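**Student:** Questions regarding the structure given below will be posed in turn.
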Amino acid sequence: MFVKGRCFIKGNRRTGRELALKMIYGLEKEAADSRDLFEQFWKNFRFEDDVLGEPLECFSEQVPKLVSSFAEDLAGGVAQHLSRIDEVIGVAAKNWTLERMARVDLSILRLATFELLFRPETPVTVILNEAIEIGKCFGTKETSSFINGILDRIARTHRQDESAEA
């Protein structure tokens, strides 16, 4: 990661995941049509005074298409499969209900669980590492260990072959 002033230069995928997290954070229920979610997000998108921080303060004009497309793919997948994703998280989160989880933590879990369930081309280690790093940026000091434990259970259950190799 290169630091220039306050500007953190990250990879397109990390930036896309951070933008997807912001979209998912605002998600209330399963969306049949994600276009409304994206339209509202990009229309109201800003870099300052945002609850989840400023992941793209480097981009003063426009988010690159590669990044915005990746973010929309992820957030749209979560919106489309929200019921299934929440069910899987609920089973893996022993002694925790979704309602008790911090909203940021739940949003990160939803994003990573979507990738674990519906993106088999993305390695488990990448998904878990990205979720943990994003948790360190946007969550509390407990977020990374909390989401790591739950995501590890989900990976072992739903991606057994790959989890066994890691």
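Coordinate-derived values only; no laboratory data. What you see is a predicted model, and the numbers here were worked out from it, not measured in a lab. Don't worry about glycine lacking a Cβ; one is built from the backbone with ideal geometry, like all the others, and counts go over all protein chains shown.
**Student:** For a distance above 14 Å, tell me the whole-number percent of Cα pairs in the range 99-155 that qualify.
**Tutor:** 46 percent
**Student:** Could you order peptides 98-106, 145-153, 71-79 by the average number of other Cβ atoms within 10 Å of their residues, highest first?
**Tutor:** Answer by packing, highest mean first, reads 71-79, 145-153, 98-106.
**Student:** Note the full-extension length gain between residue 96 and residue 160 as 0.36 nm times their separation in residues minus their Cα-Cα distance, in nm to one decimal.
**Tutor:** Difference between extended and current length: 20.7 nm.
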